[in-house]
Amino acid sequence: MFSDPLTIIVVIACLGVAFILARGIAASGKGGVESGKQANKFMRWRIYAQAAAVVVILIVVTIRRMGGN
C-alpha cells in the first residue's frame, strides 16, 4: 500500500495539514495578542494546505478511476 507513490503523496498532504493544525492549536493555547496573531496565521495556512490536500486527493481518485495504478 505504501509502495504506491500516489498513496504516499496523499499521506504526506494529510500529515502536512495535521502538522499545521497542531501548530495552530499550540500557538492559540499560549495566550496573548502575539500568540493570537500567530495562531490565526497558522490556521490560514491550514486552510490553504487543506485545500491543496483535497485537490491532491481528487486528482488521485481521478487517476485511479481512469485505470491508473
Item to complete: State which residue is farthest from the chain's Cα centre (by Cα) when the search covers only the stretch 1-48 and only residues that are part of a helix (DSSP H, G or I) and aromatic (Phe, Trp, Tyr).
Response: Phe42
Item to complete: Note down all Cβ pairs under 8 Å where the first residue falls in the stretch 1-25 and is more than 16 Å from Ala49 (Cα to Cα) and at pLDDT below 95, the second is surrounded by 12 or more Cβ atoms within 10 Å (Cβ to Cβ) and hydrophobic (A, V, I, L, M, F, W, C), and they're at least six residues apart or on different chains.
Response: Phe2/Ile8; Phe2/Val11; Leu6/Val60; Leu6/Ile63; Thr7/Val60
Discussion item. I'd like the full set of residues that are of a type in the set (Gly, Ala, Ser) and surrounded by 11 or more Cβ atoms within 10 Å (Cβ to Cβ), limited to the stretch 43-69.
Written reply: Ala49, Ala51, Ala52, Ala53
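The values are calculated or read from the model by the stated rules, or taken from the named source; none is laboratory data. Just so you know, these numbers come straight off a predicted model, no measurement behind them. With ideal geometry, Cβ positions are generated from the backbone for all residues, glycine too; neighbour counts draw on all protein chains shown.
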